[in-house]
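First the structure, in the form of structure tokens, and then the observations on it.
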Amino acid sequence: MSWINPLPEVLQQRAARVKLVVFDVDGVLTNGTLTYSADGELVKHFNVKDGVGIKLLDSFGIATAIISAKSSDALARRARDLGIRHFYPGSKDKWPCLEAVMQLLGITPDEVCYVGDDVIDLKVMTRVGFAVAPADAFWMVQERAEYVTQAAGGCGVAREVADLVLGSRMPLEDAYIKAMLPEFEVQK
């Protein structure tokens with residue numbers, strides 16, 4: 001069975017222009033649950049499938065970024081493990097961070113996909129070319145997103161977004177050939 005891009009043609013065109021995919025963290029790359037260990041350390045749970053999607057985007061020359069209002073050692077480790085070069089933890093106002101990344105990469109807002117789940121993300125989502133929200137995002141965010149994923153936060157949202165962006169450019173099966181190669185798992 002072949003994968004069929006669920007986006008309407010107009011959104012496939014927007015996804016095909018994307019040169020940067022930006023992810024919020026809590027509620028997007030995690031399910032939004034905050035767990036503290038007995039010694040007070042924050043524990044976050046990330047989906048390994050999201051990692052494959054993020055690495056696939058990078059392997060096709062599509063930059064990725066994390067802009068999060070929170071900061072933690074676990075988040076820094078995950079960003080490092082995935083080779084995410086544009087990492088902005090503790091960003092209460094996400095738009096200036098995104099502006100800096102766009103300037104660095106020489107891209108415009110219509111070449112950005114932003115994935116967010118709560119009201120803090122709306123300032124960015126309303127200014128980019130392709131705004132995405134997880135299935136369990138706050139209702140106001142879902143209403144303003146161009147696409148709402150089938151996946152809930154922490155359950156493969158980034159992988160679904162990667163599939164949409166890559167699938168707008170090529171047969172998705174062709175993209176996954178790279179992920180099957182042993183060198184795909186080698187860290188940069």
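The values are calculated or read from the model by the stated rules, or taken from the named source; none is laboratory data. Bear in mind that the values here come from a model prediction, so they are computed numbers and not experimental data. So basically every Cβ, Gly included, is an ideal-geometry build from the backbone, and we count neighbours across all protein chains shown. The accessibility values were calculated without ligands, DNA or RNA, using every heavy atom of the protein model including side chains. Shrake-Rupley method; radii C 1.70, N 1.55, O 1.52, S 1.80 Å.
When only residues in the stretch 29-69 that are of a type in the set (D, E, K, R) and within 27 Å of residue 164 (Cα to Cα) count, which is surrounded by the fewest Cβ atoms within 10 Å (Cβ to Cβ)?
Once the filter is applied, the top-ranked residue is 49.
Residue check: is residue 88 buried (at least 19 other Cβ atoms within 10 Å of the Cβ) and touching a Lys or Arg at 6+ places or on another chain (Cβ under 8 Å)?
For residue 88, the condition - buried (at least 19 other Cβ atoms within 10 Å of the Cβ) and touching a Lys or Arg at 6+ places or on another chain (Cβ under 8 Å) - is met.
So for the stretch 119-140 (the condition being in a helix (DSSP H, G or I) and of a type in the set (S, T, N, Q)), does at least one residue qualify?
Checking the stretch 119-140: not a single residue is in a helix (DSSP H, G or I) and of a type in the set (S, T, N, Q).
Conditions first: (1) more than 14 Å from the chain's Cα centre (by Cα); (2) part of a helix (DSSP H, G or I). Residue 159 passes all but one, so which condition is the exception?
Going through (1) more than 14 Å from the chain's Cα centre (by Cα); (2) part of a helix (DSSP H, G or I) one by one, residue 159 breaks only (1).
Working only within the stretch 106-158, note down all residues that are open to solvent by 60 Å² or more (accessible area, probe 1.4 Å), in contact (Cβ under 8 Å) with a residue 60 or more places away in the chain and touching a strand residue (DSSP E or B) at 6+ places or on another chain (Cβ under 7 Å).
Selection gives 146 alone.
Does at least one position in the stretch 43-66 carry a residue that is more than 30 Å from residue 183 (Cβ to Cβ) and modelled with pLDDT under 95?
yes
Please determine whether any residue of the stretch 168-183 is buried (at least 23 other Cβ atoms within 10 Å of the Cβ) and either part of a loop (DSSP other than H, G, I, E, B) or in contact (Cβ under 8 Å) with a residue 24 or more places away in the chain (or both).
Initial filter on the stretch 168-183 (buried (at least 23 other Cβ atoms within 10 Å of the Cβ)): none.
Looking for residues that are buried (at least 23 other Cβ atoms within 10 Å of the Cβ) and either part of a loop (DSSP other than H, G, I, E, B) or in contact (Cβ under 8 Å) with a residue 24 or more places away in the chain (or both), one finds none in the stretch 168-183, hence no.
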